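The block underneath contains the structure these notes are about, expressed in structure tokens.
The values are calculated or read from the model by the stated rules, or taken from the named source; none is laboratory data. All values reported here derive from a predicted model rather than from experimental measurement. FYI the Cβ positions are ideal-geometry reconstructions off the backbone, even for glycines, and counts take in every protein chain you see.
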Amino acid sequence: MKGKWASGIEPRGFTWVYRGALAISERPGGSTSVHRKVRRDEELLWLRQQGFSRVVSILPVSQSLSDYAEHGLSASHYVLRGGPQQRDVLEACFRDLRHCHEIGVTVLLHGDEVSDRLLGVVAGYLVWSNKVPTVPASVALVERLVRRSVGPDGRSVLFDLPETPHD
């Protein structure tokens, strides 16, 4: 590959939460209705070029996980469907993100798009990990990062926050 595409293309909606450690975007390759393999490959190439080595997905189904491995990216998948298990799923996701942060792994967290739900997960992680002291402060920070409001679906994720770890 030569020319301007040699280093890939940035995923849509890409935003750093912690520069060099955690970012969010829509699913590499685009959302379900416009997903393209060529674009996914270009975006995964870009992620590798930027130092990413892990992808964490909150998609409702486990799509593209094998594609991440083909590009040298480890991946995990956490399905947030609401209900009584959502708190446990969030805790597992947050522990994964914290572990990656502790060992210096750069992570892309994505949904199908940069949805309210994805933003709610980010805001929840910031509170859970004690990076931001309160839910309102975390929501305000995330809204400034992405330059839009977090809607009801994202805020509903915050009702299921697991207890802040003491370990």
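One table, with the values for the structure above:
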item	result
Evaluation of Val38 against (1) aliphatic (A, V, I, L, M); (2) in contact with a Ser or Thr (Cβ under 8 Å, 6 or more places away or on another chain); (3) surrounded by fewer than 21 Cβ atoms within 10 Å (Cβ to Cβ) (one fails), failing number	(2)
Any hit, the stretch 108-116, residues being modelled with pLDDT under 95, touching an Asp or Glu at 6+ places or on another chain (Cβ under 9 Å), among the charged types (D, E, K, R) and under 24 Å from Ser156 (Cα atoms)	yes
Residue ranges of helices (runs of 4 or more DSSP H) in the stretch 1-118 with at least 2 members free of Cβ contacts under 8 Å to residues at least 60 places away in the same chain and within 25 Å of Ser138 (Cβ to Cβ)	86-103
Every residue from the stretch 99-144 that is under 23 Å from Gln49 (Cα atoms), of a type in the set (A, V, I, L, M, F, W, C) and in contact with a strand residue (DSSP E or B) (Cβ under 8 Å, 6 or more places away or on another chain)	Cys100, Val105, Val107, Leu108, Leu109, Val114
